[in-house]
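Below: one structure, written as C-alpha cells.
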Amino acid sequence: MNSQQKFRQSQGGLIDRSRPLNFTFNNQSYQGYYGDTLASALLANGVRVISRSFKFHRPRGVFSSGVEEPNALLKVDFGSGTIPLASATTLPLVDNLSAQSENCFPSVNFDLGRFLDYTRPLWPAGFYNKTFKWPSWHTYEWAFRKTAGLTRLPDDQDQTQYRQMNRHCDLLIVGMGQAGLNAAIQAADQGRDVLIVEKDVLPGGSLLFDEMEIDGQASRDWITGIFQELTDRENVQLLLSSTAVGYYDHNVITVHDCSAKYRSKNALETFWKVRADQVILATGAIEQPLIFANNDLPGIMLAGAMREYHQRYAVKCGTTVVGVANNDFGWRSMFSLKEAGIKVPLIIDSRTDVDEGLSAKADEHGIEVQLGSVPLKAKGSRCVKLLEYLTSKQDKKDVKCDAIAVSGGLNPTVHLYSQAGGKLRFDNALACFVPDHCRQNVSVVGAANGEFTGLGDCNVSTRQPAPMSKNSQWVDLLHDVTVSDIELAVQENYVSVEHMKRYTTTGMAVDQGKTSNLNALSLLASSLSKSPGEVGTTTYRPNFIPVTMGAISGNRKGELYIPTRHLSAHNWHHDRGAVFDDYGGWRRPAYYGKERDSSILKEVDLVRHAVGLFDASPLGKIEVKGPDAGKFLNRIYVNNIQSLKVGAIRYGLMLNENGIVIDDGVCVRLEEDHYLLHTTSSNAERIVSWLEEWHQCEWPHLNLVICPVTTQWAVLNVAGPGSRETLQGLEGMVDLSSMNLPHMGFQSASFKSGLPYRIQRVSFTGELSYELAIPAKAATEYFSLIMDLGEPLGIGLFGIEALLNLRIEKGFFHVGVDTDGTTNPYDLGFETIVQNQQDDFIGARSLKRSADCDQDRRQFVGLKIDGNGSGVKAGAHLVTNNKNPISEGFLTSAWQSPIVGCTIGLGTINGGLQRMGEKIFIYDDKKISTATIVDRCFYDPKGGRMHE
Amino acid sequence: MSDKLKNLEIIQVENLSIVSLKIDQASVNEATERIELAKPLTRMKTEEDILWLAPNHWLLVSKATDSKMIVKKYTDELTGLNFNLTDQSSGVAVIRLSGLCCREILSMGSGLDCRIDKLTIGACCTTNLARIPVTVVVIESGLLELYLDSSYETYLMNWILDCNRIRELADANNHPMRLEVLS
C-alpha cells in the first residue's frame, strides 16, 4: 500500500486525519482521509495521470475541484454497483472504494490509443463528414464504433435503491454559499417554508477555501453557526450532496440527492421534484481556463481549484507552481499557495495594469510578476515541466515548474437560470455572461449574479489563443476540441454558435462545457469580429450534471415498471393455470396450461365443439345518457344509432376526423335516452376522453353525460355450442332462446340472489356466444358457478390467444392489429354502412376525398397460405414479384387453423378486394411463402352457428 | 386487508357502497339548489360521504346504505334533470393510509402539495399517483383515503409497499453529514 500521501500537508484542511480510508485506483492501493474527495486523495498520493482523453488519448490529470471537471472521470465501485464516468472531484472518498481509469489500453500510463494523438492532423473536427466515404462509411464504421465512447456500461447488478419525492415550498434556494445561507436565514425569519439545496457534502461554497471574516467571525465559524441555526428551524429543510439539475416551467426544479449514495450497502439516491413559489439561485461561479499550447497537460489546473485542494484538503498540487491569470482572483489563489509554503516563482498576467495592492503583495511574497505577458506553451510528457511565455516586450522566456495554475476569470453558473427561460447578457467588465431577466419567479444572488468579490478587471482579450500553432491549444478538454477546430468550423461557415457546437462537439457530454463554452464562443466571436454578446450562448438544457437513469426512473422497474390493471378474478384464473400477459395494460390470461401452442389449440377446439368460458371484463363499457345521447352517438359512430330500438344492439365503427378507424364495438340502447357503448379493451379510456372532448369542446349544448363503467362490470363470455344450455342453468337467468334473445339481443335482470346482470348475445368467435356482465365483485363466484354448470358439457377456460385465433377464422378484424393509422371503413369493406348513414358523423367529410375512395387502397382480405406456413409472421410484406420485392401490403394476423386445415391469414394489400384468387408472396426478411388472396371469412361464412 | 408497518398503516376498505353521480352541465345549478353537494375540492359528510370529482361529477360513498338505495334517493331528488347515477361499488377501490408517513408516501408518487396547511382536512382532489388517477380525501391530518379504479388496486398496493420499503431504508440510513470536519 502506498500510504505516503507525499503531497498531503501535515496540518490544516477540512479532513479528519484520525479516520484514514483505504481505496484503490487502477488496482493500486492508496490511503486518504475522511473528508477527502477521490480527486483530493489521488492528488495527495501524487497521482498525476488519471485518465486519457476522449479522442486522442492524451494523458490528463485533475483539472478542477468541482462539477466542471472534464478529465477525472472514472469508473467507480462503492460495493453497491459500478458507476461509469463518475467525477472524482465530487465523489466523497469512502472506505474500500475502487476506481479505474477508462478509455485506455493497456494502462492509463501507457495507452496505445495515443497513436491517434501523433496522427492528430488527420482527425480534425468533423473529419467523419468528409473522409472514409469510399467505398462506403460502413466499411470503417466498426472500427470507429469500437474506438468511440469514453466508457462501457457496467455489467454488474445495480444495488442502489432509487426514491422519488415531490416537494412544494415557498422558497427554494440553490446553493449554500454565503449568499444562499444569508437568503435562507432571512426567509426563515419571515416564516416562509424554505428548502435549501447544496451539491457539495458541506455547506459554505467558496468560503470553504476562500477564508474571510463575516460578521466578526471566521468564515468557517460563521458557516457552522448559520447552518446549525437553519437546521433548528422547523420551516427550513436542508439537503446536502443534492444538486439542482433541471429547471422547468412553473418553477419546477429537479434535485438529484446523493446524500445516501456513496456506500456499499443500502445505497440510496433520491430524485426530488420541487415546486417552489419562488427560487433563489445562489449557484456561484466557475473559474475559466486560459488557452495556450499543451494547456491540457497533467499539472495544469484552475487556480481556484489548487487553492481549494490546499485549503480544504491540505493537498499540494505541485511543488513549484506558476500562475497564469487575467484577473485578481487568480492572484489571490497564488498568494494563498505561497503562504502555504509552495514555491510560486512567477505570475503571468496579460493585463498591463493591475491594482497596486496586488503588485505590492506579490513583492512581499517574493513572486516575480510579468504583466502584459501571455503563456505560449507548456512542456512535459505526462506532467508539465516547463512553461514558455511571451513577455510584454515580445521576448520568449520559460520557467520551470511542476504545476501551472490558470485563471481566466469567473463565469456565473447560469445553467439553471437559462433553463428557466432566463435571458443572459454579456458583461464586458466581467468578461462573462450574467443573468438579465426571466419570466419565472427567480432571483439570482452572489457570484451567480456576477457579484464577484476580488475579481478585479478581467481582461477579456486573454481568451484568445497564444500566437503559435493552434492545433495543440485545447478549448474543450473533454471532447479534445482545439482552437483550430473552431477556426475550421468558422471557415466552413458554421458561424452560428449552435452549429459550431455541433460541428466541433465542444461543450457536449459529461461536463456540458462548463470550462469550455465561454472560451469557445469568445473564439467564435473573435473569428467573426463580433463581441461574445453578439454571438450568444448555446441553449442550456437539463441536466446540469449527469443523473443516473435509476434516479430518473425511481421505483419504476419490475412489476411497477408500468401501471398494470388486474382482473377482479385474477387469482381465480391464476389458480387454474392461467399464463398471464400484458394486453393493453391489463394482465390477462393468454392461455391456460403449461405448453402454449397445444393449450391454445385445445382451447380453440373447446369453443368450436363444446363450450368455453372467457374473462372479457376489460371490454370497454361507457354509458351515455341524456335526451341528446342518440344525436351525439350518431355523430360519433359511422352507423345510425338513433334508429336502434331499446334492448337492441348494433355493431359500430368510430372514426377520427380523417376518416380513419379508431375503434369498434357494439352499442346497446338500454333505455330511450340511455346507451351503453362497448369499446376494445385497450382503447376504453382513450375513447372516454375522445367522447368528452367532442362533448365539452364541440357540442356542449347537447344534453348528456358520459360515464365510464368498465371496471364496475365483469364480463363472462360463454361461447360454443353448449353456451346457452350452460348459462340457462343460472338461477334467475332470462330465457336465452333465440326467440327471446336473438343474436345481437340484450336484456338486463337480476339473479335470484338479487345480483343485477346484463346479458347480450354477441359473438367474436363465430359460435353461439353470450356476454354476461355482473358487478365485478361477484366475478369469482360466477366463474366458479358457470364452470360447475358447464361441466357436463365439457366446459373449459380459454384465453385471449385462442380468442384471437377464433376470430381470424371468422375474418373479424382487430383494431390496432389488422388496422393502422391509414385504414378507413372502405378498406375494411364497410361501404354499405357508410352509404346508409344519412346524417353527418366524425370523419364523413374525409371519406369523400377521392384518395379515400380509391379502389387501389390497401384493403382488408383473407390469405390462404401454401404449405404449413410455419414461420409466417404478422408484419410480413405482401409482394407480387419476389425477385424484386416491393411491398404492396402486410400480413396482419396469421395462424395454423385446424378447422380450415391450413395456415390462414388476414392482411391489407393494394386493391385487395379486386384481387380475389390472385397468388402473392409473403416476404419476411428474405423468407418467402406463397399465398392466395381469398375472402376473409374462413369459417361458417353464413353465420349459422352464431345465429343458431 | 391491512398492512401494519412502521409509521404507516395500509387498509383496503371493502364493502362500501359507491355511486357515481354525474349531472349534465346544464342541470348542475338546479341540482345544487335541490340537494347539497360537496363544493369543489372538498368532501362533504352527510348521510353519505359526498366527494367532489369535477364540476358536474360527485362520488357518493356509504358504509351503511346500499347502493341501490342511494341511487333511488338521488334519482327521486333529481327527477326531471339530466343526470346519470351508476353503481361503482365494484369499479372503485378504496385504500386508507394512516400514520405519520402517509403524506410522505403520497409525495413519492404525486405532485400534490401535501403540506399539512395546504392539503387540509376535508380536502378531496384527484391527482396522478404512481401514474394512475387517484382521488385523495383527507379524513384527518394523518389519515388519507385513496379512491381509484379497482383494476389498479393490486398495482397501487404493491407500489405503496415498495415506496414504504424505500422510505424506511432512507430513514434507517439517514446519512450522517460530514459537518464534523468543519469544527
Seminar exercise, completed: Flagged in segment A:145-171 as within 18 Å of residue A:269 (Cα to Cα) and within 14 Å of chain B (Cβ to nearest Cβ), in numbering order, are A:159, A:160, A:161, A:162, A:163, A:164, A:165, A:166, A:167
Exercise. Of all the residues that make up segment A:668-727, how many are away from chain B (no Cβ under 13 Å), more than 30 Å from residue A:794 (Cβ to Cβ) and in contact with a Ser or Thr (Cβ under 9 Å, 6 or more places away or on another chain)?
Worked result: 3
Seminar exercise, completed: Filtering segment A:756-799 down to residues that are of a type in the set (S, T, N, Q) and farther than 19 Å from residue A:736 by Cα yields A:780, A:784
Exercise. Residue B:13: more than 11 Å from every other protein chain (Cβ to nearest Cβ) and surrounded by 19 or more Cβ atoms within 10 Å (Cβ to Cβ), yes or no?
Worked result: no
Seminar exercise, completed: The condition from (1) surrounded by 13 or more Cβ atoms within 10 Å (Cβ to Cβ); (2) touching a strand residue (DSSP E or B) at 6+ places or on another chain (Cβ under 7 Å) that residue A:105 misses is numbered (1)
Problem set entry | Of all residues in segment A:415-437 being in contact with a Gly (Cβ under 7 Å, 6 or more places away or on another chain) and either surrounded by 24 or more Cβ atoms within 10 Å (Cβ to Cβ) or of a type in the set (A, V, I, L, M) (or both), the one that is farthest from residue A:463 (Cα to Cα) | A:434
Problem set entry | Restricting segment A:728-762 to residues that are part of a loop (DSSP other than H, G, I, E, B) and among the polar types (S, T, N, Q), the residue that is nearest to the other protein chains (Cβ to nearest Cβ) | A:753
Problem set entry | Answer residue from segment A:240-253, given it is crowded, with 21+ Cβ neighbours inside 10 Å and within 11 Å of chain B (Cβ to nearest Cβ) and is farthest from the chain's Cα centre (by Cα) among those | A:240
Exercise. Looking only at segment A:116-134, which residues are in a helix (DSSP H, G or I), in contact (Cβ under 8 Å) with a residue 40 or more places away in the chain and not aliphatic (A, V, I, L, M)?
Worked result: A:117, A:120, A:121
Problem set entry | So residue A:686, is it touching a residue at least 60 places away in the same chain (Cβ under 8 Å) and basic (Lys, Arg) | no
Exercise. If you take just the helices (runs of 4 or more DSSP H) that sit entirely in segment B:64-183, which of them hold at least 3 residues that are surrounded by 17 or more Cβ atoms within 10 Å (Cβ to Cβ), at the interface with another protein chain (Cβ under 8 Å from one of its Cβ atoms) and at pLDDT 95 or above?
Worked result: B:153-172
Exercise. If the Cβ limit is 6 Å and pairs must be 6+ apart or interchain, which residue in segment A:13-39 that is more than 14 Å from chain B (Cβ to nearest Cβ) and crowded, with 22+ Cβ neighbours inside 10 Å pairs with which residue that is in a loop (DSSP other than H, G, I, E, B) and not polar (S, T, N, Q)?
Worked result: A:38/A:88; A:38/A:91; A:38/A:93; A:39/A:62; A:39/A:72; A:39/A:88
Exercise. For segment A:483-516, which residues satisfy the criterion of being in contact (Cβ under 8 Å) with a residue 60 or more places away in the chain, buried (at least 19 other Cβ atoms within 10 Å of the Cβ) and not hydrophobic (A, V, I, L, M, F, W, C)?
Worked result: A:484, A:485, A:503, A:504, A:505, A:511, A:512, A:514, A:515, A:516
Seminar exercise, completed: Of the residues in segment A:891-920, those that are in contact with a strand residue (DSSP E or B) (Cβ under 7 Å, 6 or more places away or on another chain), surrounded by fewer than 19 Cβ atoms within 10 Å (Cβ to Cβ) and of a type outside the set (A, V, I, L, M) come to A:896, A:902, A:910, A:911, A:915, A:917, A:918, A:919
Problem set entry | Matching residues in segment A:517-528 - criterion: being surrounded by fewer than 21 Cβ atoms within 10 Å (Cβ to Cβ) and not in a loop (DSSP other than H, G, I, E, B) | A:525, A:526, A:527
Seminar exercise, completed: Given the conditions (1) within 20 Å of residue A:824 (Cα to Cα); (2) part of a strand (DSSP E or B), every one holds for residue A:639 apart from (2)
For this session: Determine the pairs where a residue that is more than 20 Å from residue A:705 (Cβ to Cβ), located within segment B:38-65, has a partner that is among the acidic types (Asp, Glu) and part of a loop (DSSP other than H, G, I, E, B) with Cβ atoms under 8 Å apart, the partner being 6 or more residues away or on another chain.
Result: B:44/B:36; B:46/B:36; B:62/B:47; B:62/B:48; B:65/B:47; B:65/B:48
Seminar exercise, completed: Of the residues in segment A:743-777 that are free of Cβ contacts under 8 Å to residues at least 40 places away in the same chain and surrounded by fewer than 19 Cβ atoms within 10 Å (Cβ to Cβ), the one that is nearest to residue A:620 (Cα to Cα) is A:756
Problem set entry | Criterion: within 30 Å of residue A:286 (Cβ to Cβ), in contact with an Asp or Glu (Cβ under 7 Å, 6 or more places away or on another chain) and of a type in the set (Gly, Ala, Ser) - qualifying residue of A:616, A:551 | A:551
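The values are calculated or read from the model by the stated rules, or taken from the named source; none is laboratory data. Since this is a predicted model, take the numbers as computed values, not measurements. As a convention, Cβ positions derive from the backbone with ideal geometry for all residues, glycine included, and neighbour counts pool all protein chains shown.
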